[in-house]
Amino acid sequence: MDDNSNLSDYAASLSFLFARTTGAFKFGLERTQALLAELGDPHRSYPVLHIAGTNGKGSSVATAEAILAARGLRVGRYTSPHLVDFRERIVVGGVPIGAREIVAFVRDRMPQIERIGASFFEATTAMAFVHFATQQVDVALVEAGLGGRLDSTNVVMPRAAGVTSIGFDHMEYLGSTLEAIAMEKAGIFKPGVPAVIGEPERHIRELLADAARAAGASVIHVVAAESEVSGLEVTARETRFRLRALGAEAAVATPLIGRHQAANFAFTLALLDAAGAPFSATLSEAAVSVAHVKLPGRFQRDGKIIYDVAHNADGARTLAASLLAIDAQKPVVALLCVLGDKDWRGMIDALSTVVDSFILTDAPTAPRSRAWSLAEAVSYATGRGFLAMTEPDFNTAVDRALSSEGTVLITGSFHTVGDAMARLAVTPVTG
């Protein structure tokens, strides 16, 4: 927090923004376009790399940021949601947007936001784009919030657009099949813009490639067909592998944990290469730069605690595989809270392969309208033969988990991880 910021003004500004999350979900680009037009279209004043996908977006953005920063570039990063502090969403040069800037934006633009009827995410997207312009970034890494085609971030005309991977999430908005979800994500592909596809499954990646061709992409890079990973090894400290890509081969070690991080790295390298100079990096250069990547809340270790924001079944399966790979100290106790509209049954099933017991709870910041039923969750878990208990009070649940021996896994949503970090005074970013 800025030393001289008025905390009440900052809190009031956030209250104004978050109040705009109520009501029906708003899809479409027209309100974002209208608001940005009144702000002078700041998003057109710097190059943008646009990233969508069900899983892997955060890792790819963080990896790209590390590589670009090592090249001496001033990098803006727009991601969502945040863990502890709203300011985490909008970062330039590793420094979160200041509270004063947030207060000033809301104060100055409140009439336009209200007149246009911009939602929370639309207003926040505009704020990010203004901040990047003010800060004169060399490049902005923009993560799609939900889907892609009708996501507020899709107003950009990027230097390159990439889709990481496709999984089941937000089906109520994006469709009930992987094919339908893929087509929504593919909506970020643009005429004359390179398209990069990180999806490993052949059928879905071919569908994405077809969508990129239909959109008129200047070139299409299918990462699985253009790179090869070998010697993959996951340890408690890093993920090591050899990568053959961009006509070279090198050993890579990333601090991000999990077998999937090799694919995320290869995707990021291809995205930067597609964007061209001054963003492209050689494989050897990227292998050095990635040693500095940081990504709070993704298999983040703090003593015996592991924080992971896995919030869908695919993410839970990936998390379980990472726990197995590092041979986490037993017993593994999972503090779990999942939003009610997610596949929490699939998540419990996936985690049960590595978790010895579950403490099921409610995260304080999780929207009440999306809360899961603790009674249903514990009934399902115990009915499947898993050791599980409920503790509705989040602070008590955290204390109970920490009193156990072995490994404490805190997961289920950004709300769960963020609330635990706030409770335990863990700061995702500084500035």
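What to note about this one:
- When shorter helices are ignored and each DSSP H run of at least 4 residues is given -39500 (n - 2.57), the per-residue value for the chain at 222 nm works out to -12000 deg cm²/dmol.
- In this simple spin-label approximation, Thr282 and Arg213 carry label points 7 Å from Cα along the Cα→Cβ vector, and these lie 3.5 nm apart.
- Helices in the chain that qualify as membrane-span-like (whole DSSP H runs, Cα extent of at least 15 Å along the helix axis, mean Kyte-Doolittle hydropathy of 0.5 or higher) are 7-18, 57-70, 120-134, 260-275, 313-326.
- Accessible area in square angstrom per residue, segment 307-431, 1.4 angstrom probe: 40
- Carbon and sulfur %, accessible surface of the chain computed with the full protein complex present, 1.4 Å: 51
- The simple spin-label model puts a point 7 Å past each Cα toward its Cβ; for Thr134 and Ala11 those points are separated by 2.3 nm.
- Projecting the alpha carbon convex hull of the chain along each direction and taking the average yields 19.4 nm².
- Cα-based equivalent ellipsoid, segment 28-180: semi-axes from gyration tensor eigenvalues, Å: 23, 20, 14
- Share, in percent, of DSSP beta bridges within the chain that are antiparallel, nearest 5: 35
- Surrounding net charge for Asn395, when Lys and Arg each add one and Asp and Glu each subtract one, Cβ distance under 12 Å: -3
- Between segment 35-60 and segment 106-154, the alpha-carbon center distance in angstrom: 8
- Percent antiparallel among DSSP beta bridges (both partners in segment 1-151, rounded to 5): 40
- Highest-fluctuation residue, Val333, Val378, Val309 considered, GNM on the chain with Cα pairs under 10 Å: Val378
- Scanning the chain for GluC sites (Glu not before Pro) that sit in a DSSP loop and have at most 15 other Cβ atoms within 10 Å, the longest stretch containing none of them is 202-404.
- Net charge over other residues, Cβ less than 14 angstrom from the Cβ of Ser218 (K, R count +1; D, E count -1): +2
- Charged side chains reduced to their Cβ positions (Lys and Arg at +1, Asp and Glu at -1) give the chain a dipole of some 380 debye around its Cα centre.
The values are calculated or read from the model by the stated rules, or taken from the named source; none is laboratory data. None of these values were measured; they are calculated from a predicted model. Methodologically, a virtual Cβ is constructed for each residue, glycine included, from the backbone with ideal geometry; neighbour enumeration extends over all protein chains shown. Accessible surface is based on the protein model in full, side chains and every heavy atom, while ligands, DNA and RNA are left aside. Shrake-Rupley method; radii C 1.70, N 1.55, O 1.52, S 1.80 Å.
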